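Reviewing the structure listed below.
The values are calculated or read from the model by the stated rules, or taken from the named source; none is laboratory data. All figures in this text were calculated on a predicted structure; none of them were measured in a lab. Ideal geometry is used to build each Cβ from the backbone, glycine not excepted, and the neighbour counts take in all protein chains shown. Only protein heavy atoms, including side chains, enter the accessible area calculation; ligands, DNA and RNA are left aside. Shrake-Rupley method; radii C 1.70, N 1.55, O 1.52, S 1.80 Å.
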Amino acid sequence: MRAHLEAAPLFQPVMPGSGRPFSVRMSNFGPLGWVSDRAGYRYEPCHPVTGRPWPPLPEALRALWGELTGLAEPPECGLVNVYGPGARMGLHQDRDEAALDCPVVSVSLGDGALFRIGGPRRRDPTRSLRLASGDVVVLGGAARLAFHGIDRVYAVSCRLLPGLGRVNLTLRRVTPLARPLRGR
Ligand code: MD6
Ligand code: FE
């Protein structure tokens with residue numbers, strides 16, 4: 001991951017419309033990368049700063065995806081979110097993907113964080129759980145469109161990634177499967 005981040009350096013996305021910067025820094029691995037700028041959220045094949053294609057998804061993540069989802073199709077996007085001290089992620093749904101039948105898998109590394117998850121409506125009640133380094137979250141089935149976010153990171157709770165803090169790697173299918181999951 002560190003080698004790939006040298007090829008595709010972290011960038012600071014901004015909110016659509018307002019242009020307010022996110023508190024997390026991002027990069028991507030795989031054929032499609034999730035980006036956000038004043039024009040909106042979307043998937044792009046190239047890095048917005050270097051203009052180069054995203055580095056390939058590390059094999060260990062491809063293997064983990066296959067093991068957890070049972071899908072033969074590999075993830076198309078490995079979004080890297082890096083949380084320094086004070087960074088957070090507002091309550092959101094992952095719904096920029098046409099492949100809403102596929103689960104989303106995330107791997108947390110480094111410092112711990114307080115993850116909050118609710119239901120498919122923003123007003124649904126939420127529960128909070130602490131994610132530690134190595135924890136994996138799968139949002140699939142009824143939970144695919146659950147609202148979720150990161151309320152806080154526990155800075156220097158882990159020594160795995162000095163200088164980075166917390167990293168969350170989110171694996172996603174973006175384009176619809178040739179053979180949709182329903183009907184298999
Ligand atoms: C984070 N995670 O853990 C934010 N999305 O930093 C997500 O936004 C997320 O953990 C979809 C599926 C799993 C996740
Ligand atoms: Fe998410």
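A few points about this structure:
- Against the conditions (1) surrounded by 16 or more Cβ atoms within 10 Å (Cβ to Cβ); (2) more than 21 Å from SER18 (Cα to Cα); (3) among the aliphatic types (A, V, I, L, M), ALA98 satisfies every one except (1).
- Region 76-91 residues that are farther than 14 Å from VAL167 by Cβ and free of Cβ contacts under 8 Å to residues at least 60 places away in the same chain, paired with ones that are open to solvent by 10 Å² or more (accessible area, probe 1.4 Å) and of a type outside the set (A, V, I, L, M) (beta carbon under 8 Å, 6 or more apart): LEU91/ARG116; LEU91/GLY118; LEU91/ARG122; LEU91/THR126; LEU91/PHE147; LEU91/HIS148
- On the stretch given as region 101-132, residues that are assigned to a loop (DSSP other than H, G, I, E, B) and either within 12 Å of ligand 1 (Cβ to nearest atom) or among the acidic types (Asp, Glu) (or both) total 6.
- Test: LEU164 is at pLDDT below 95, surrounded by 15 or more Cβ atoms within 10 Å (Cβ to Cβ) and not in a helix (DSSP H, G or I): yes
- Qualifying residue in region 172-180 (condition: away from ligand 1 (no atom under 11 Å from the Cβ) and surrounded by 20 or more Cβ atoms within 10 Å (Cβ to Cβ)): yes
- Here ASP37 meets each of (1) open to solvent by 30 Å² or more (accessible area, probe 1.4 Å); (2) more than 27 Å from ARG179 (Cβ to Cβ); (3) within 13 Å of ligand 2 (Cβ to nearest atom); (4) not hydroxyl-bearing (Ser, Thr, Tyr) with one exception, condition (3).
- If the condition is being more than 21 Å from SER23 (Cα to Cα) and either touching a strand residue (DSSP E or B) at 6+ places or on another chain (Cβ under 7 Å) or of a type outside the set (D, E, K, R) (or both), then region 161-184 contributes ARG172, VAL174, THR175, PRO176, LEU177, ALA178, PRO180, LEU181, GLY183.
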